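This report concerns only the one structure given below.
The values are calculated or read from the model by the stated rules, or taken from the named source; none is laboratory data. Nothing here was measured: the structure is a model prediction, and the numbers come from that model. A quick note on method: Cβ atoms are made from the backbone with ideal geometry, for glycine too, and the neighbour counts reach across all protein chains shown.
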Amino acid sequence: MNVTIAPSSVRGTARAPPSKSYTHRAILASGYADRATVRDALWSADTRATARAVSRFGGSVQRGDDGTLEVDGFDGRPDVPADVIDCENSGTTMRLVTAAAALADGTTVLTGDESLRSRPQGPLLEAISDLGGDAFSTRGNGQAPLVVTGPVSGGEVSIPGDVSSQYVTALLMAGAVTDEGIEVDLETDLKSAPYVDVTLEVLSDFGVEARETEAGFAVDGGQSYRPADGEYAVPGDFSSISYPLAAGAIAGAEGESVRVEGAHPSAQGDTAIVEIVDRMGADVEWDRESGVIDVSSAPLSGIEVSVEDTPDLLPTIASLGAAADGDTRIVDAEHVRYKETDRVSAMAEELGEMGAETTEERDSLTVHGGDSTLSGATVDGRGDHRIVMALALAALVADGETTILGAEHVDVSFPGFFSVLEDLGVALERERSD
């Protein structure tokens, strides 16, 4: 699908979709359990991939008319899958499920789409091998397809912390149901650390104790996943909140605001977007108790932002920078190159198609807003949901219409994104692409 967006002013109310990060963890945690109910779950392409993996391991995930997920789990002992597990485009699914596969008494094969088959999995495969399993890449390059044979009983492993925090999450979630538990020592500083905080929060809510150690993290074995009253509710997603929030900051109708509901505080690092928009000069008020953010547009100024712990915010910040005066410098960004696409280069190149001036370095992206004049153009979403949504923000303040190719990829994390924009007053047209 291609979407064409005309310059527009926004106003009104948007509701945050449920958190993708929390939903992934909740579905798999429910799979590790005997049975659980997950309320307010995000049902997207990525989270459906995790649900299918739970089914491959012998569980089942049923979605009710109200969106509630009823999960019959495999109770800590996954079956050997009868077929390949296709994680499609979901890196979170692949990493979390790879560790779960190491618990099965047999061999599991995992693969994904072309993008996912280019993403690094080597440190997790090495960790599983160090724990006594057999895990390797069929191409010998640390990338999917992956072959994992278990079961592992636990132990101590050492992994780098600067490639993906999802390795830690995967090992902690699996480690709780091993005999010995798993201790993860970090060889380098942990990037995207708040995502491990999310994991610890979800584990706790499912009755599993994990802890931070001097060298990394650890979880004792022999535990059971049991959420209180058998239920777990997913909070709103601040990665997704960043888009309507930024839309209000750069294209809010004069004298009016955009209200974002469902913005309750949580362990998500991407809550930082509220402070970032405020620092750039927008008028922002966050009622944490009611979970409501109100934002009004104002002249924005460039700032320096580290995305060491918030890699998913880079595309949003880049588009904000393109609409701001002065330079917006996004630093500590090298790990953002290993997402669904190289998001540093993707944003530099696609914003460049719209007239933005940027400077790209290995670990940073600087958007020279004061030297940029955004004009409508045809841009490529790169098969990446966050690139698509960030480019839609820039389109709101470009001179002329902007067409985003491959816009259907928003289904990965925010299936109703373009409907939300329309509700806020954005003029857009959808066109099916062959």
Tell me which residues, restricted to segment 57-89, are more than 23 Å from Asp179 (Cβ to Cβ), modelled with pLDDT of 95 or more and crowded, with 21+ Cβ neighbours inside 10 Å. Val61, Leu69, Val71, Ile85, Cys87
Test Thr37 against the stated conditions and say whether it is in contact (Cβ under 8 Å) with a residue 60 or more places away in the chain, of a type in the set (Ser, Thr, Tyr), touching a Ser or Thr at 6+ places or on another chain (Cβ under 9 Å) and part of a helix (DSSP H, G or I). no
For segment 206-218, does any single residue satisfy the condition of being closer than 24 Å to Ala174 by Cβ, among the aliphatic types (A, V, I, L, M) and not in a loop (DSSP other than H, G, I, E, B)? yes
Just a yes or no: is a residue in segment 142-164 within 17 Å of Thr92 (Cα to Cα), in contact with a Phe, Trp or Tyr (Cβ under 8 Å, 6 or more places away or on another chain), touching a residue at least 60 places away in the same chain (Cβ under 8 Å) and in the same structural domain as Arg95 (by TED's automatic domain parsing)? yes
Just to verify a result, which residue in segment 112-165, among those that are of a type in the set (Lys, Arg) and surrounded by 17 or more Cβ atoms within 10 Å (Cβ to Cβ), is farthest from the chain's Cα centre (by Cα)? Arg117
Scan of segment 105-126 for residues that are closer than 21 Å to Val54 by Cβ and either in contact with a Pro (Cβ under 6 Å, 6 or more places away or on another chain) or not charged (D, E, K, R) (or both), ordered by number: Asp105, Gly106, Thr107, Thr108, Val109, Leu110, Thr111, Gly112, Leu116, Gln121, Leu124
In segment 152-187, the residues that are assigned to a loop (DSSP other than H, G, I, E, B) and not hydroxyl-bearing (Ser, Thr, Tyr): Val152, Gly154, Pro160, Gly161, Asp162, Val163, Ala176, Val177, Asp179, Glu180, Gly181, Glu187
Failed condition for Ser55, given (1) closer than 16 Å to Pro151 by Cα; (2) among the polar types (S, T, N, Q); (3) free of Cβ contacts under 8 Å to residues at least 24 places away in the same chain: (1)
What are the residue pairs meeting all of these: first residue in segment 8-24, first residue at positive phi and not assigned by TED's automatic domain parsing to the domain that holds Thr92, second residue modelled with pLDDT of 95 or more and surrounded by fewer than 24 Cβ atoms within 10 Å (Cβ to Cβ), Cβ atoms under 7 Å, and 6 or more apart or on different chains? Gly12/Asp423; Gly12/Leu424; Gly12/Gly425
Got a number for residues in segment 44-62 being over 23 Å from Ala102 (Cβ atoms) and either touching a helix residue (DSSP H, G or I) at 6+ places or on another chain (Cβ under 8 Å) or of a type in the set (Asp, Glu) (or both)? 2
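Conditions (1) closer than 14 Å to Leu320 by Cβ; (2) buried (at least 19 other Cβ atoms within 10 Å of the Cβ), marked per residue:
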residue: Glu212; (1), (2): no, no
residue: Phe238; (1), (2): no, yes
residue: Ala251; (1), (2): yes, yes
residue: Gly255; (1), (2): no, no
residue: Val305; (1), (2): yes, yes
Quickly run through segment 176-192 and pick out the residues that are in contact (Cβ under 8 Å) with a residue 60 or more places away in the chain and under 23 Å from Phe206 (Cβ atoms). Ala176, Val177, Thr178, Ser192
Read through the list (1) touching a His at 6+ places or on another chain (Cβ under 6 Å); (2) in contact (Cβ under 8 Å) with a residue 60 or more places away in the chain, then give the number of the only condition that Glu357 fails. (2)
Would you confirm, using the coordinates I've provided, whether Met347 is over 28 Å from Ala41 (Cβ atoms), of a type outside the set (D, E, K, R) and under 20 Å from the mean Cα position of the chain (by Cα)? yes
Tally of residues being surrounded by fewer than 16 Cβ atoms within 10 Å (Cβ to Cβ) and of a type outside the set (Asp, Glu) across segment 227-236: 3
Which of the residues spanning segment 239-289 are aromatic (Phe, Trp, Tyr) and either part of a strand (DSSP E or B) or touching a Ser or Thr at 6+ places or on another chain (Cβ under 6 Å) (or both)? Trp286
